[in-house]
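The values are calculated or read from the model by the stated rules, or taken from the named source; none is laboratory data. What you see is a predicted model; the values in this text were computed from it and never measured. Note: ideal-geometry Cβ built from the backbone for every residue, glycine included; neighbour counts use all protein chains shown. Please note that ligands, DNA and RNA were not included when accessible areas were found on the heavy atoms of the full protein model with its side chains. Shrake-Rupley method; radii C 1.70, N 1.55, O 1.52, S 1.80 Å.
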Amino acid sequence: MWIKKFTDINMMKKDIEIRTMTIEDYNEVMTLWKSIKGFKIRAIDDDFEHIKKFLDRNIGLSVVAIKDDHIVGSILSGHDGRQASFYHVCVDAKCRGLNIASRMVEEAIERLKEEGISKITLIAFKKNFAGNIFWKNQNWKLNTDINSYELTLNEGNISSVVA
Ligand SMILES: CC(C)(COP(=O)(O)OP(=O)(O)OC[C@H]1O[C@@H](n2cnc3c(N)ncnc32)[C@H](O)[C@@H]1OP(=O)(O)O)[C@@H](O)C(=O)NCCC(=O)NCCS
């Protein structure tokens, strides 16, 4: 029984492909984002036009995970020539615990290394318990010695939180 379960999980892991995100994935990726409890989706940054702009500026850096012909995970990844950022790192709730996020992160990191980027940053909300455990497990450093500042340039870029 235990061996069968172990074998089933390993089979599920094998069936997952990590590939580059393209703008053709937008609708499916947005459906995934809208299913992730607690996710903040921004009216402007996350619309089709701005995601297209982001992907065009950061060719081949963002990744999706595919299982049974469906997108079950995504990372938006981009850099400014100096450092990179990950956004909207997520895995479909039905597919968690299969190392999909770890594999996507590994792949996205490799692609940034090829671009000569030395550092990646991301935001994890303090109350996001699973998210913070995930990054600690990946050996990412938690910055407790900095304050994060921001300036809003467009008040229309409102965020809605997935309930
Ligand atoms: C965080 C998230 C992306 C992890 O995806 P995942 O594919 O399930 O993660 P993995 O299977 O690759 O997990 C890798 C390791 O992280 C740790 N981990 C992941 N989720 C965990 C959880 N809910 N509780 C405890 N540890 C967890 C485990 O140690 C795991 O290692 P193990 O498999 O050897 O035990 C997923 O839970 C998610 O989409 N959450 C909602 C969105 C989110 O919070 N994104 C992060 C924003 S900062």
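At a glance:
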{"item": "Heavy-atom surface of the chain, accessible at 1.4 Å and reported per residue (Å²)", "result": "70 Å²"}
{"item": "Accessible carbon and sulfur surface of the chain relative to its total accessible area, %, 1.4 Å", "result": "53 percent"}
{"item": "Computed [θ] at 222 nm, deg cm²/dmol, the chain (DSSP H ≥ 4; -39,500 (n - 2.57); rounded to nearest 500)", "result": "-10000 deg cm²/dmol"}
{"item": "Length released on extending from SER102 to ALA163, taking residue separation times 0.36 nm less the Cα-Cα span", "result": "19.5 nm"}
{"item": "Inter-label distance, nm, simple model (7 Å from Cα along the C-beta direction), GLU17/GLN83", "result": "3.5 nm"}
{"item": "Degrees, to the nearest 10: 100-114 long Cα axis against longest axis of the chain", "result": "50 degrees"}
{"item": "Accessible surface, 1.4 Å probe, highest first, among residues HIS88, HIS70", "result": "HIS70, HIS88"}
{"item": "Rounded to 10°, Cα long-axis angle of helix 2-14 versus longest principal axis of the chain", "result": "40 degrees"}
{"item": "Note, ³J(HN,Hα) from phi for segment 40-57, Karplus 6.51, -1.76, 1.60, rounded to Hz, x at Gly and Pro", "result": "9, 10, 9, 4, 9, 4, 9, 7, 3, 4, 7, 5, 4, 4, 4, 5, 5, 6"}
{"item": "Above-threshold pairs, the threshold being 29 Å between Cα atoms, out of LYS14/LYS37; LYS40/LYS119; LYS53/LYS136; LYS94/LYS136; LYS14/LYS127; LYS113/LYS141", "result": "LYS53/LYS136; LYS14/LYS127"}
{"item": "For segment 13-161, diffusion coefficient by Stokes-Einstein and Kirkwood Rh (Cα), 37 °C, 0.692 mPa s, µm²/s", "result": "204 µm²/s"}
{"item": "Cβ crowding within 10 Å averaged over residues, with 25-38, 97-110 ranked highest first", "result": "97-110, 25-38"}
